[in-house]
Amino acid sequence: MLTAATLGLAAYGVYSAGLGAVDLFRPSGLDWWADLALIAFGLLLLLSSAFVRVRMPGGLALALSALLALQALSLHNDMHFYGDILVAPQIIRAVIGAVLAGLGFWGGRRAAGDT
């Protein structure tokens, strides 16, 4: 479970950082600060995925904070691109984040022998 959580969190972080980096150079993209925030929080999620894997204290909390920050930026991006919040993609993003956090939590407990 920890490996799946780590790979999922890392993939989500690379995707977010890559999206921010690509959008930074598009002429009709997001605001520059939103792109930099996407890059920063994506890299933070990538770093925290390693902390989740080695069960470092606070690693899961750091990953959760990065996931929540990326969720908030997604709400901003929806309003910027579409003028409205798209509910289905937001729910899907939240469910994916919750599943990854749950895998990290339960995988860490199982690895420590606290079943």
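The values are calculated or read from the model by the stated rules, or taken from the named source; none is laboratory data. Please read all numbers here as calculations on a predicted model, not as lab measurements. All Cβ positions, glycine included, derive from the backbone under ideal geometry; neighbour counts span all protein chains shown.
Looking across segment 1-49 at every residue that is over 15 Å from the mean Cα position of the chain (by Cα) and touching a residue at least 24 places away in the same chain (Cβ under 8 Å), the one that is surrounded by the fewest Cβ atoms within 10 Å (Cβ to Cβ) is identified as Thr3.
When Ala5, Ala17, Ala34 are checked against the criterion of being in a helix (DSSP H, G or I), among the small types (Gly, Ala, Ser) and at pLDDT 95 or above, Ala17 stands alone in meeting it.
In summary, Arg110 fulfils each of the numbered conditions (1) under 18 Å from the mean Cα position of the chain (by Cα); (2) touching a residue at least 40 places away in the same chain (Cβ under 8 Å) with the single exception of condition (1).
When Leu47, Leu73 are checked against the criterion of being outside any loop (DSSP other than H, G, I, E, B), at pLDDT 95 or above and under 14 Å from Ala17 (Cα atoms), Leu47 stands alone in meeting it.
Condition check: surrounded by 16 or more Cβ atoms within 10 Å (Cβ to Cβ), among the charged types (D, E, K, R), in contact (Cβ under 8 Å) with a residue 12 or more places away in the chain and in contact with a helix residue (DSSP H, G or I) (Cβ under 9 Å, 6 or more places away or on another chain). Does Arg55 satisfy that? No, not satisfied. Restricting Gly42, Gly83, Gly29 to those that are at pLDDT below 90 and in contact with a helix residue (DSSP H, G or I) (Cβ under 6 Å, 6 or more places away or on another chain) reduces the list to Gly29.
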